[in-house]
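**Student:** Take a look at the following structure, please.
Every read-out reported here was derived from the displayed coordinates using simple, explicitly stated rules and does not represent laboratory data. Remember, it's a predicted structure, so these values are computed and weren't measured experimentally. As a convention, Cβ positions derive from the backbone with ideal geometry for all residues, glycine included, and neighbour counts pool all protein chains shown.
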Amino acid sequence: MGTMGRRRRNSYIILLAILLLAACTRPQERYQYAVLDPDGVKEAVFQFDMDSAVSYSTFFSCRYDLGQIESDNLKLFIKAVSPAGFTYRDTVVFPLYHSEAQAKDDQYTRFDIEQNWNANIEWTWRLDVASVDHGRWTISARPERYTGLHSLGFSYSPSGKKR
């Protein structure tokens, strides 16, 4: 095999490796963020499309100030409205960490600290959620306390399971 054939084969191997790596990561472009302001925006509202033939995993994220946060957890009051207008309510308590050592054993949470005072955290809300109601869903989340919170985010990704 000539030099040109080896280069082409190596290019295909590199391309395949990149595609496999990309397939293993969560699509971050689906993240939606809302800035929180206790004097203005008290509730973060997100919309996403759900296909009734596929199950999804859903995630919330938050950015907060380590020096201002008043608790070790964040209580969120969540409301989901289906395309048909049905309302589902959920109250969840997510952990808030102050150091990466606290988060290391939590398999459902990603955590990092920026500039020694801002923390970014992502929680798994639901795994393998499916619905017979397909179309545009609306998710709203309202924190119990706002002190130290900068923003909330929401993301979803297909779990790979077909119904």
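**Student:** What dipole magnitude, in Debye to the nearest 20, does the stretch 29-162 give about its Cα centre under +1 on Lys/Arg Cβ and -1 on Asp/Glu Cβ?
**Tutor:** Values: 14 positive and 19 negative charges, 95 e Å.
So the dipole magnitude of the stretch 29-162 works out to roughly 460 debye.
**Student:** At a 10 angstrom cut-off on C-beta neighbours, averaged per residue, how do the peptides 137-144, 68-75, 56-63 rank from highest to lowest? Before the final figure, lay out each step's value.
**Tutor:** On the way: 137-144: 18.1, 68-75: 14.1, 56-63: 20.8.
Taking the mean over residues of other Cβ atoms within 10 Å, the ranking is 56-63, 137-144, 68-75.
**Student:** Given a Förster radius of 22 Å and the C-beta distance between Ala101 and Asp37 as r, what FRET efficiency does 1/(1 + (r/R0)^6) yield to the nearest 0.05?
**Tutor:** Values: r = 31 Å, r/R0 = 1.42.
Using R0 = 22 Å, I get an efficiency of 0.10.
**Student:** Set the Förster radius R0 to 25 Å, insert the Cβ-Cβ distance between Val129 and Lys75 as r into 1/(1 + (r/R0)^6), and round the FRET efficiency to 0.05.
**Tutor:** On the way: r = 21 Å, r/R0 = 0.83.
The pair Val129/Lys75 has a calculated efficiency of 0.75.
**Student:** Here's something else I'd like to know. So if each residue of separation counts as 0.36 nm, and I subtract the Cα-Cα distance between Thr147 and Ser159, what length gain in nm does that give? Write down the numbers at each step before the final one.
**Tutor:** Details: separation 12, 0.36 × 12 = 4.32 nm, distance 3.38 nm.
Taking Thr147 through Ser159 to full extension adds about 0.9 nm, to one decimal.
**Student:** Expressed as a fraction of 2.2 N^0.38 Å, the rule-of-thumb size for a compact globular protein of N residues, what is the C-alpha radius of gyration of the stretch 40-163?
**Tutor:** Values: Rg = 15.3 Å, N = 124, 2.2 N^0.38 = 13.7 Å.
Ratio of Cα Rg to 2.2 N^0.38 Å: 1.12.
**Student:** Just tell me which aspartates and glutamates come within less than 16 Å, Cα to Cα, of Lys104; anything on the same chain fewer than 8 places away is out.
**Tutor:** Here the aspartates and glutamates satisfying the reach criterion relative to Lys104 are Asp72, Asp112, Glu122.
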